[in-house]
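One structure below.
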Amino acid sequence: MDDLDKAILISFDESGAVDSALKAQAVAYCQQFKENPSICSICIERLCFSKLVQVQFWCLQCLHEVLRVRYSSMGPEEKSFIRKSVFSLGCYESIDDKNLVRLLDGPAFIKNKLSQVMVTLVYFEYPMIWPSVFVDFLSNLSKGVVVIDMFCRVLNALDDEVISMDYPRSQEEVAVSGRIKDAMRQQCISQVVRAWYDILLMYRNSDPDLCCSVLDSMRRYVSWIDIGLIANDTFVGLLFELTLASGFRDQLRGAAAGCIHAVAAKRMDPKAKLTLLQSLQIRRVFSLVAEDNDSELVSSVASLLTGYSTEVLECLKRLNSEDGKAVSTELLNEVLPSVFYVMQNCEIDETFSIVQFLSGYVGTLKSLVPLTETQSHHVGQILEVIRTQIRFDPAYRNNLDVLDKIGREEEDRMAEFRKELFVLLRSVGRVAPDATQIFIRNSLASAVASNGDVDVEEIEAALSLLYAFGESLTDETMKTGNGLLGELIPMLLSTKFPCHNNRLVALIYLETITRYMKFFQENTQYIPLVLSAFLDERGIHHPNSNVNRRASYLFMRVVKLLKAKLVPYLETILQSLQDTVAQFTTIYASSKELSGCEDGSHIFEAIGLLIGMEDVPLEKQSEFLSALLTPLCQQVEALLLNAKAQNPEESPAKIANIQQIIMAINALSKGFSERLVTASRPAIGLMFKQTLDVLLRILIIFPKIEPLRCKVTSFIHRMVDILGSSVFPYLPKALEQLLAESEEIRELQELQRTFYTFLHVIATHDLSSAFLSSKSRVYLDPMMQLVLHASCNHKDIVVRKACVQIFIKLIKDWCARPYGEEKVPGFQSFVIEAFATNCCLYSVLDKSFEFRDANTLVLFGEIVMAQKVMYEKFGNDFLVHFVSKGFPSAHCPQDLAEQYCQKLQGNDIKALKSFYQSLIENLRRQQNGSLVFR
């Protein structure tokens, strides 16, 4: 073993046993070795003799890099040597009868890297320099499974790296893709298709994995080859045989179904497409969806049915002839029952696509009113599908009720999923309004009559349907209660479901009442029932804190809308809220009671709106306001008493109490107008001035507690709004305290934010070349280090997000994919080795990264996007380093690392974000504080 082999082994070592300085030295040695003019010959020689997979991988990666960067400067002899050597390695041949090692006997990642090297040569040389590459490869397939497998890997790598339009391509790349496809169509694609057919026929019983690889390649290529090569009785017959035969493995049957799907999705003239779709006789696969509801096969068949249905629908839209429309309608009527069955009975990944298809189908019905009996039946089925799909899984009932981590994830997932379903509901409502209203009425009636403890999810779904239905109603319909509303709303108000203690049921019940508030503005006889729903155990007095807080907020909205109509019930309302208000006048409330205090202030805002109306007599108004302000101010004074003798950090409960009281008073004041407190009823204004006097003392006693400073500042703003110029005497005292402690710090923080904003504007407005000018270049490295540090550690999440966006834009601007020279030498290495690992992994593993915070979630989305961009620009260079260097340090299990690779290489950014979040949370639990990141 020579020095290079040793250096490669050390650089790839992840055991932790190698000294970091030695490892850095090894990496530098390997990097320096790449500059050797004979590096390609050295790599190929090692590939012939070295049995060390690390050395094999390094040599292939080195060949890949050198070809991408230096191909144009190589001589004809060197190119020829590389071409012949790489082809021999890929076809299981010896190089000059010398090599002892056969790479195709090695692990998958070696073969994948070899396929990338071969595709790089195809990129530069086919068909002008190396016209025979595919024909020569085909002649080697007779050697058996190992070469066939390699051929599939090369075809797939060619699709990933050059042909597929699922990835962003430069104009040059698009031109190369067209050149390669044109040459293959003319020269060899019919032979490739014939080879696919022969391989499937020969190996379908003996090697299903190989057949799956062939079918995967074929599925990718169907979109641009002559469809007649596949869409014929012979080949389609074989595909259906593979799909339908129960003796084959589900993976093979599903792969065959995927190819049929690709045939159905082929872009072509609508008339020819309809003939093709007819010829497929898709009814042959209908029975498969009932075989095993959650199998891989059912998912593939569901995808096929969805894709087929979407294509038929497109023909229906585009064809003008009566015959064409009749045939399209007939095919749709034939396939729709199976689509409905899949939606209602199967666990599949295609639900979103099916919902999109159903939305398109409903769209075509708009011009067909009145509907035929069959179409009306389909509308009814779609409504049933919606009800089925919006139901929560009972398995999560307890998680959702207590809202633990699993419950939050499921609720978020369902909220996102329901959006499209409710859009579909509104569309159905416009096409068949009567049928939709009757369906919702029957769903609610069924929920009212049901056994609440058993049918929690059914009841929640029925209420959610009624809630969603309200989105499509006009204000006029809502006010008058036309149609079935006049029956539905009273039914809702008068019902106390047995499962009302369930959090989800209680929340959607209150949300639905709030949604129909315009109905109560006109139908005031129902106001007592509305108040009962909000004030009893269904709302503000619900035992679940999540429900009673939300009820407080919704009640405040109800008060805003009904306002003067509530005056007759004012004393009843205040009496009902006495115990809730009392929580704010209890000194040293427990931490449990203090949680969510932001929501608690909504009760005070609602009360302020009620008692702040001029419809309330002055005496009553003063009495009500005094009864609230006096105990709150007394509590503040008591908390401030002797506070100077204590360390503020030692009394978090006191500070939290004061903070909560300020918010309550601030919220209460929102119900009072400037005209009322200064002109018509100055006595009320005096009460607020006295309150301001008390609260300003907080700044003197606790001058450095930032949350208290913010809350007092907010209250001062509020008093300026309602007291006008009469508040001016209080301002000097307030400003003196506010400015005394924070001027210099805030100026520095603001300057720092301005700096990052400036960099962000330059990067995101296509001005990144300014960083590379002769005057700026000297600052590039320290600037990058600053942006990196801020992207990982800055306390301001908005700043962190901006810094991640800077990196994303610079990667796009400075890194050409896949074969261009480095615009900024060293930048790619810096991004992969420093930014990727520190920002995209370690910073999110830190428990201070709070996924429940909305701004942090937005930052997380940018971090996930950065990984996607790095993969698109750097390919396996990024992926291998991130997974092999970063993940092991976080003790990431191999199966999760592999799943991450699959998600990253896919096209669903939402799925990638969701998976990466669950991966990070999983790794955090495994660490349990044992590993300090950064």
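Scanning the range 772-822 for residues that are acidic (Asp, Glu) and crowded, with 16+ Cβ neighbours inside 10 Å turns up just one, ASP813. Taking the stated definitions as given, is GLN437 open to solvent by 20 Å² or more (accessible area, probe 1.4 Å), closer than 22 Å to VAL298 by Cβ, part of a helix (DSSP H, G or I) and in contact (Cβ under 8 Å) with a residue 24 or more places away in the chain? So GLN437 fails the test. Within the range 622-634, residues that are without any contact (Cβ under 8 Å) to a residue 40 or more places away in the chain reach no partner that is assigned to a helix (DSSP H, G or I) and aromatic (Phe, Trp, Tyr) with beta carbons closer than 6 Å at six or more positions or on different chains.
For the range 781-830, the set of residues classified as closer than 16 Å to PHE758 by Cα and touching a Ser or Thr at 6+ places or on another chain (Cβ under 8 Å) consists of SER791, ARG800, ALA802, CYS803, VAL804, GLN805, ILE806, PHE807, LYS809, LEU810, listed by residue number. Residue check: is ASP453 modelled with pLDDT under 90, in a helix (DSSP H, G or I) and out of contact with any Asp or Glu (no Cβ under 8 Å at 6 or more places or on another chain)? For ASP453, the condition - modelled with pLDDT under 90, in a helix (DSSP H, G or I) and out of contact with any Asp or Glu (no Cβ under 8 Å at 6 or more places or on another chain) - is not met.
Restricting the range 358-385 to residues that are farther than 20 Å from VAL342 by Cα and among the polar types (S, T, N, Q) leaves a set whose member that is surrounded by the fewest Cβ atoms within 10 Å (Cβ to Cβ) is SER367. In the range 164-192, which residues are open to solvent by 30 Å² or more (accessible area, probe 1.4 Å) and more than 23 Å from CYS815 (Cβ to Cβ)? Matches in the range 164-192: ARG179, LYS181, ASP182, ARG185, GLN186, GLN187, SER190, GLN191. Residues that are among the hydroxyl-bearing types (Ser, Thr, Tyr), more than 19 Å from GLU384 (Cβ to Cβ), within 33 Å of the chain's Cα centre (by Cα) and at pLDDT 90 or above do not occur anywhere in the range 472-493. Taking the conditions exactly as written (open to solvent by 50 Å² or more (accessible area, probe 1.4 Å) and modelled with pLDDT under 95), does VAL423 satisfy them or not? Yes: the conditions hold for VAL423. Within the range 9-46, the set of residues being hydroxyl-bearing (Ser, Thr, Tyr) and either touching a helix residue (DSSP H, G or I) at 6+ places or on another chain (Cβ under 8 Å) or surrounded by 21 or more Cβ atoms within 10 Å (Cβ to Cβ) (or both) comprises SER11, TYR29, SER41. Failed condition for GLN690, given (1) open to solvent by 70 Å² or more (accessible area, probe 1.4 Å); (2) modelled with pLDDT under 90; (3) part of a helix (DSSP H, G or I), with all others met? Status for GLN690: all satisfied but (2). Listed by first and then second residue, the pairs with beta-carbon distance under 7 Å, at least 6 apart or on different chains, first residue in the range 868-896 and open to solvent by less than 20 Å² (accessible area, probe 1.4 Å), second among the charged types (D, E, K, R), are VAL869/LYS812. Do we find that GLU314 is acidic (Asp, Glu), touching a helix residue (DSSP H, G or I) at 6+ places or on another chain (Cβ under 8 Å) and over 21 Å from GLU420 (Cβ atoms) in this structure? No, not satisfied. Does LEU242 qualify as being open to solvent by less than 50 Å² (accessible area, probe 1.4 Å) and within 18 Å of VAL214 (Cα to Cα)? Yes.
Candidates are the residues of the range 250-279 that are in a loop (DSSP other than H, G, I, E, B) and within 34 Å of the chain's Cα centre (by Cα); the one that is nearest to GLY307 (Cα to Cα) is ALA265. Within the range 94-126, being outside any helix (DSSP H, G or I), within 30 Å of GLN905 (Cβ to Cβ) and open to solvent by 40 Å² or more (accessible area, probe 1.4 Å) holds for ARG102, PRO107.
Being among the aromatic types (Phe, Trp, Tyr) and loosely packed, with under 15 Cβ neighbours inside 10 Å holds for only one residue in PHE49, PHE87, PHE57, PHE81, and it is PHE49.
Screening SER72 with (1) open to solvent by 60 Å² or more (accessible area, probe 1.4 Å); (2) at pLDDT below 90 gives one miss only, at (2).
Scanning the range 500-534 for residues that are over 18 Å from ARG549 (Cβ atoms) and among the acidic types (Asp, Glu) gives a single hit, GLU522. Take the residues of the range 538-547 that are more than 12 Å from LEU577 (Cα to Cα) and without any contact (Cβ under 8 Å) to a residue 60 or more places away in the chain: which is most open to solvent (accessible area, probe 1.4 Å)? Checked the range 538-547; the qualifying residue most open to solvent (accessible area, probe 1.4 Å) is PRO543.
Report whether or not PHE497 is of a type in the set (A, V, I, L, M, F, W, C) and in a loop (DSSP other than H, G, I, E, B). Yes: the conditions hold for PHE497.
Restricting the first member to the range 837-859 and to residues that are exposed (fewer than 15 other Cβ atoms within 10 Å of the Cβ), and the second to residues that are assigned to a helix (DSSP H, G or I) and of a type in the set (Val, Ile, Thr), the beta-carbon pairs closer than 7 Å and six or more apart or on different chains are GLU850/THR856; ASN855/ILE797; ASN855/VAL798. In this structure, LEU561 does not qualify as touching a helix residue (DSSP H, G or I) at 6+ places or on another chain (Cβ under 9 Å) and open to solvent by less than 10 Å² (accessible area, probe 1.4 Å).
Checking each residue in the range 672-687 for being open to solvent by 10 Å² or more (accessible area, probe 1.4 Å) and either closer than 16 Å to GLN659 by Cα or not in a helix (DSSP H, G or I) (or both) picks out SER673, ARG681. The set of residues in the range 180-208 that are free of Cβ contacts under 8 Å to residues at least 24 places away in the same chain and within 39 Å of the chain's Cα centre (by Cα) comprises ASP182, TRP196.
Scanning the range 911-922 for residues that are out of contact with any Lys or Arg (no Cβ under 8 Å at 6 or more places or on another chain) and modelled with pLDDT of 90 or more turns up LYS913, GLN917, SER918, LEU919, ILE920.
The values are calculated or read from the model by the stated rules, or taken from the named source; none is laboratory data. Quantities reported herein were computed from a predicted structural model and do not represent experimental measurements. All Cβ positions, glycine included, derive from the backbone under ideal geometry; neighbour counts span all protein chains shown. Calculation scope for accessible area: heavy atoms of the full protein, side chains included, ligands and nucleic acids excluded. Shrake-Rupley method; radii C 1.70, N 1.55, O 1.52, S 1.80 Å.
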